[in-house]
Amino acid sequence: MQTLHASKCGLSTAQLPSSILDVIDSLTKAGYEAYIVGGGVRDLMLGLSPKDYDAVTDATPAQIKEVFGRRCRIIGRRFELAHVYSGRELIEVATFRAPPKKAVTSAAGMILRDNNWGTIEQDFARRDFSINAMYYQPRKGEVLDFCNAVDDIKNKTLRLLGDPALRFEEDPVRMLRTLRFAAKLNFSIDPDILEIFTPEMTQLLRDVSPHRLYDESQKLFTMGHLHRVMPMLIDFGIWNQLFADLPTDITAFIEHAAKNTDQRIQMGKTINPAFFYAVLLWKPFLERCEAHLAKGVAPAEARAQAGLDVLKRQATRTIIPRFAETFIREVWEMQTRLLNPKAQQIEALSNHARFRAGFDFLLLREKSGDSSTLGMGVWWEAYQTMSGDEKERAISQYNRQRAKNRRKTVTTDVVEELKGNTATIEPLVKESESRSRRPRKSQSSSGSSQDFRGREQRVKSNSGEIDADHPIMKRKRVQRDLTKVVFGPTK
């Protein structure tokens, strides 16, 4: 072990938030040892901004509860921890761990119970990575380094403490953490880890709770380097352990969404991790929709059932919380509504609670080369920046174009139907019957009788059913004397 000056490691209390200092000071004042440990110390030494801070102490969870009272909550069964609230911040406080007196493990070697308290030296040996095993006491200005972790940080090397195979068997989630740290910190993985990191080893993840795997997948999505870690998940065989029925090739849509997620995190914008699950499961969702439609199920019912099928299948690997499942299904449903909305529904859709997520999803599909969006992603993007009058004009223009496309579709369908039935279609009106059957009025009665006889001959020639004995042919034409007809109003 070596004791380093915090200043030489680039550490100072000015970098720390008041919440972690409050926890350290309270435990120290109560007579306990307390240190900042883990990723917070590592990130500060690398010049990064830690997302959170963890503390470690020789006080048991019950004693931590006595120090902080109602601000403390004990959590965990397999690995008991204390959550301490300082203002709006949450600090996770763990007790020094010792090797278990009697190993309680699964058949694969995963530790099932780990609540044996010990010393700081024993706690160091239980840590997973060397870069996470430095203990920082801010008030003393000291950093305790038990394994030359400072050298690993300088060399940008990710190294496991102890035998890598044993450490992965104790907790298979360490495989996910290995890839996450390698992608986030841009560190190289120690050759000893690469030697045993095989697809057979990743099968151990099947013993991990689907709830815990979901939490770990969320950390992968929100670390800001998703586009870098995805190929690593595939190369090391973890992709198929996390996502059911997903091919091992990364589509343009998934890659575009991953880069967009990383950009939003770097810009400080908030993201919903469930959004990327919607992206990943989009293709299986479409395939299930087609399967239900082929069985004659109505489109709306097919989409609803397909969503349930895909999420139920994914739950065998990572159990997505109910609220996240609802979000995913609503994003999928918004795709249909945004693609072909009625003119009177456009304004209401733009104010829908899921409009922004649905629009982002649609625009990402369009930018990744999906031609089925019909350009509606760009249309909705422009619509949001318009004034009130411009929106009305845009809706009117959209409505006219929609009606035009509908008429064009109907006409095309009719023409195609006629082309397919040319052998059986007969004209509704024969060519000879298309002309007027009423002859021109003649100036004389003799001409009228000749026309009548001519009409009789034409009827006979055009139809074999009507002859001279037909009642219509025996009806006499009555000539009216127009001189006796009174036109206009009468008295």
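What the table below lists for this structure:
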{"quantity": "Matching residues in region 345-383 - criterion: being part of a loop (DSSP other than H, G, I, E, B) and loosely packed, with under 12 Cβ neighbours inside 10 Å", "calculated": "351, 353, 369, 375"}
{"quantity": "Which numbered condition residue 182 misses (of (1) assigned by TED's automatic domain parsing to the domain that holds residue 318; (2) of a type outside the set (Lys, Arg); (3) assigned to a helix (DSSP H, G or I))", "calculated": "(1)"}
{"quantity": "Any hit, region 271-291, residues being exposed (fewer than 15 other Cβ atoms within 10 Å of the Cβ) and outside any helix (DSSP H, G or I)", "calculated": "no"}
{"quantity": "Tally of residues being in contact with a strand residue (DSSP E or B) (Cβ under 6 Å, 6 or more places away or on another chain) and either surrounded by fewer than 19 Cβ atoms within 10 Å (Cβ to Cβ) or touching a residue at least 40 places away in the same chain (Cβ under 8 Å) (or both) across region 158-186", "calculated": "3"}
{"quantity": "Yes/no for residue 237 being small (Gly, Ala, Ser) and over 25 Å from residue 376 (Cα atoms)", "calculated": "yes"}
{"quantity": "Answer residue from region 235-263, given it is surrounded by 15 or more Cβ atoms within 10 Å (Cβ to Cβ), at pLDDT 90 or above and charged (D, E, K, R) and is farthest from the chain's Cα centre (by Cα) among those", "calculated": "262"}
{"quantity": "Tally, over region 242-256, of residues that are assigned to a helix (DSSP H, G or I), over 18 Å from residue 311 (Cβ atoms) and touching a helix residue (DSSP H, G or I) at 6+ places or on another chain (Cβ under 7 Å)", "calculated": "3"}
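This table checks each residue for (1) in contact (Cβ under 8 Å) with a residue 60 or more places away in the chain; (2) more than 21 Å from residue 302 (Cβ to Cβ); (3) outside the structural domain of residue 282 (by TED's automatic domain parsing).
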position: 319; (1), (2), (3): yes, yes, no
position: 329; (1), (2), (3): no, no, no
position: 334; (1), (2), (3): no, no, no
position: 341; (1), (2), (3): no, no, no
position: 365; (1), (2), (3): yes, no, no
position: 399; (1), (2), (3): no, yes, no
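The values are calculated or read from the model by the stated rules, or taken from the named source; none is laboratory data. What you see is a predicted model; the values in this text were computed from it and never measured. With ideal geometry, Cβ positions are generated from the backbone for all residues, glycine too; neighbour counts draw on all protein chains shown.
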